[in-house]
Amino acid sequence: MTPVTRQEVLGLYRKIFRIAKNWQSASGQIEETIKEKQYIRSEARTLFRKNKNVTDAEMIKQCIEECEARIEIGLHYNIPYPRPIHLPPMGLASKQGRAFRHQEKLRKFSKPIYLKSHDDNS
């Protein structure tokens with residue numbers, strides 16, 4: 001990781017914790033605000049620790065883009081949780097073969113950038 005990339009990642013980490021510190025829930029309830037602040041902190045810690053050993057420059061770039069997208073979406077919609085998505089259904093293809101591979105490829109490409117860190121089971 002280059003020093004510039006390292007500074008960028010650490011800056012994003014600090015930015016997330018600043019957002020969590022000043023976060024207000026959309027409902028305005030104190031319990032909801034505390035719950036959402038804890039979610040933001042735990043999600044940031046989990047994902048940054050999960051990706052701390054990533055060395056590939058392209059993969060680091062994707063992680064940074066995902067982080068920035070999630071920050072912007074969270075601030076815009078005032079919800080810290082990932083927005084739900086509707087992936088294309090798997091259809092009636094058998095569990096092997098060309099049609100199945102094509103459907104898996106469609107599902108992979110239709111997953112938005114801000115959900116790349118989540119399991120493919122969603």
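Residues checked against (1) touching a residue at least 40 places away in the same chain (Cβ under 8 Å); (2) surrounded by 15 or more Cβ atoms within 10 Å (Cβ to Cβ); (3) not acidic (Asp, Glu):
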{"site": "Asn22", "(1), (2), (3)": "no, no, yes"}
{"site": "Glu43", "(1), (2), (3)": "no, yes, no"}
{"site": "Leu47", "(1), (2), (3)": "yes, yes, yes"}
{"site": "Asn53", "(1), (2), (3)": "no, no, yes"}
{"site": "Glu58", "(1), (2), (3)": "no, no, no"}
{"site": "Glu66", "(1), (2), (3)": "yes, yes, no"}
{"site": "Leu75", "(1), (2), (3)": "yes, no, yes"}
Which of the residues that make up region 29-41 are in contact with a helix residue (DSSP H, G or I) (Cβ under 6 Å, 6 or more places away or on another chain) and open to solvent by 60 Å² or more (accessible area, probe 1.4 Å)? Arg41
Given the conditions (1) farther than 15 Å from Ile71 by Cβ; (2) charged (D, E, K, R); (3) assigned to a helix (DSSP H, G or I), which single one is not true for Lys52? (3)
By residue number, the members of region 77-102 that are more than 30 Å from Ile60 (Cβ to Cβ), at pLDDT 65 or above and surrounded by 14 or more Cβ atoms within 10 Å (Cβ to Cβ) are Phe100
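The values are calculated or read from the model by the stated rules, or taken from the named source; none is laboratory data. All figures in this text were calculated on a predicted structure; none of them were measured in a lab. Here Cβ is always computed from backbone atoms with ideal geometry, including for glycine, and neighbour counts include all displayed protein chains. We work out accessible area using only protein heavy atoms, side chains counted, and drop any ligands, DNA or RNA first. Shrake-Rupley method; radii C 1.70, N 1.55, O 1.52, S 1.80 Å.
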